[in-house]
1. Please report, in cubic angstrom per residue, the volume enclosed by the convex hull of the alpha-carbon atoms of the stretch 53-133.
2. Tell me the label-point distance for the pair LEU599, HIS336, using the 7 Å Cα-to-Cβ offset, in nm and rounded to one decimal.
3. Looking only at Cα atoms, what is the convex hull volume of the stretch 510-731 per residue, in Å³?
4. What's the exposure ranking of LYS585, LYS615, going from fewest to most Cβ atoms within 10 Å?
5. Can you tell me the length gained on complete extension of the stretch LYS502 to HIS612, counting 0.36 nm per residue apart and subtracting the Cα distance?
6. Give the long-range amide H neighbours of ASN623: residues separated by 5 or more places, or on another chain, with amide H under 5 Å away, using H modelled in the peptide plane at 1.01 Å from N.
7. Using each residue's phi in the stretch 247-253, evaluate 6.51 cos²θ - 1.76 cosθ + 1.60 at θ = phi - 60° and report the 3J(HN,Hα) Karplus result to the nearest Hz, with x for Gly and Pro.
8. What does the convex hull of the Cα atoms of the stretch 572-612 come to per residue, in Å³, rounded to a whole number?
Amino acid sequence: MARLFPNKTSLTGSCLLETLDVQDVWTRFIRDMQEMKKRDWHDVLVFVYGLFTAGVALSIYVKTLAPTVSFFDSGELISAAYCFGVAHPPGYPLYVALGRLFGMLPYGTFAFRINMMSALFAALAVLTVYGITYILLGDVQQGCQNSSCSHAGKSSPNSELMLRPIFAMIAALSFAFSLTHWQQALIAEVYSLNACFCGLIVWLLLLWYRGSRPLACSAEHRAGQRGTQDRVLSLIAFLFGLGFGNHQTISLLAIAAGFLVTVGRTRILLQPRTLLKIVISLMLGLSIYGLAPLGAAQNPAVNWGNPVSWRQFTWLITREAYDSAPSGYALSALKHEFFDEEAGERLFPDGTEGGDVRLVKKHGAARYYHVLKHSLLWKQLQSFDPLEEFGVFGTVLALMGLAWGVWRDWRTGSCLLIAVTSLVLIIVAIGDPPEENIFLLKEFHSPAYLLTAVWIGLGMMASAKAVLWLAPWRACREVVVLVCALYFMLPVGSRFLRTLPKVDRHRNYVAYDYAANIMTSLQRNAILFTWGDSGAFPLWYLQIVEEQRPDVTLVHVPHLTSPWYLDQLPPDLFESPAPAETYDKDLLAVLEDIVRKNLDTRPVYFDFSSAHSLKLPYWLLPNGITYKVRRPGDVLDETVWERYRFRGILEDTAIARDSDIDRSFLMYGSARMELGNYYLERGELERASEQFNLAVQLAPELGGRIIRSLKFRDKFGGERIVAVPHNPKDAQ
């Protein structure tokens, strides 16, 4: 009011000023409306395409989302988020914190909410593919011309401009419906969040790169632009640190990021102030790890390593617990085979059956080719499998896009190539799993698949440019645009239909029922020893999150050698007052201490994996999919199977299968088979036959084993055939 009425006593003057002000506003409004008419609505369509792509991905993910806990790390991560605890090394503090927030949603079970978190970040990762592809498909020179520095007015629409958002959308949907990413989007896991962070970092890098190119602008504007670009770099560094708190493999992306920053703005290496800002931003992101000791100090139910001391904190974040994990030593083995002539002969001896092997020579390229082809390293590298993710058509397009991208802009093209190469090779080299554990690497390649999908988008544009070059008339070119869009969309739809049955989890309760069935097998105040993570973590979820069977004491056998874990168990569980010092990491000695202390007062059980993984000196009584340490007077509980639920197993329900689900089927079937052997020993042939038939229904692969066992029994006059001895003397 003071501006409009500088002299309050002059009504005429104030009215004049007000009139002039309104006229000025009206003039600006008319001018803005005229500018809007000139404005290209292509940007709006680009935004709509992006929202549509992310919306389609998210809706499909929600439709196929797991309703509850799954096998492997799912149960542990959900439980850690619920109690704000510390997950397995390196702790995953960002995931735990975000899970805690998503757990506050007012819909569904706690497990469903965490699964929803995975779906949301998976959809955001799909959106980053769209953004990255769209940027790379754009003309950098056109981007400069349309910037605020040199606005040239409305650009004429062309066929390539129309195809950019379409191909970006198709590339994003190719990634959305790839096998690995879709699987991880449906369960409580860290990989969709990791893919989202990687995609966001690459997208920001490309935005920074476009903005860092020299423009014909004023010095003042260039200074402001440089400040903006420095802030983008600081944001990228912060996201690197924050993402490191979810999955440490994101650090491998720093190689490609450093390359692009260096070639995009070489002088940055001589700017200590900018470098200091980047380092500070990185450290701020890494400070997310401060949540680990803060959470551990509250003694949560999930508290790996109890990282309240510096020693345990470094143990957690450096993943020291996995130093003793089995390694394949693939590189050293390959080096030995390459340079040791005798090793080559042992691998491919003369006279071995098989045409390829007979062609191997002691020297020359053929020998090296066959050594590499049959090496463990080659099998490890095959864990990165774009053919399985995108099919032959998508893989060919990705290769075309890689070549075209490098030719079109060697800096950004090389950046993507360095990113994918470093992500795949270094993950394989560091992981170095033996052959039976190679499957564990597959989910680690999600960021590499994300960038491969970007190459698919570039490959589509390269193909379309070749076709458009042959189309002489404008009307013909518009038809070509429509045909190209439909042609490249069809393989995506085909992959969607092929992948859907492999990933759909919306009716998958196998892990939940497995854990619930174990709980219902146990008597009150029982002690249960568990072995594998896939079997133990759903039990953690039931007890910690859903508060089922708080009377049961769960003991994870592999952790019995860790002092931090023994400190978290109830002190009255042990006979020794200091089991960690008394038994010096002797796992079986600690286990026997617990059994010896509690067997007379509490029922003691082993789950299927622990009973079959350990040489136990106890009489074990079959008890569903658990085994009870037999005490005088104990009898078989013949009703335990009647209390079990088998949703998706014995019902007519098609569910997606994976190795953990198949293993649970095999456990159910094997337990039925052993119960059949139990009845067979007692001469109850009809009951034995019923159990054998049920075993085959659960796990058809057991049929041959049952037949061979029965034949062996008949041949040797009724020898006892049992997988778990009921008397320890029988095991000798």
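Each value in this text was obtained by applying a stated rule to the coordinates, not by laboratory testing. Bear in mind that the values here come from a model prediction, so they are computed numbers and not experimental data. Neighbour counts are summed over all protein chains in view; Cβ atoms, including those assigned to glycine, are modelled from backbone coordinates with ideal geometry.
1. Values: hull volume 8.6 nm³, N = 81.
Enclosed volume per residue, from the Cα hull, is 106 Å³.
2. 4.3 nm
3. For the stretch 510-731, the hull spanned by Cα atoms encloses 134 Å³ per residue.
4. Working: LYS585 11, LYS615 7.
Exposure proxy ranking, most exposed first: LYS615, LYS585.
5. That pair, LYS502 and HIS612, stretches by 36.6 nm at full extension.
6. For ASN623, the qualifying residues are LYS628.
7. Here the 3J(HN,Hα) series is 8, 6, 5, 4, 5, 5, 6 Hz.
8. Details: hull volume 2.9 nm³, N = 41.
It comes to 71 Å³ per residue, whole-number rounded.
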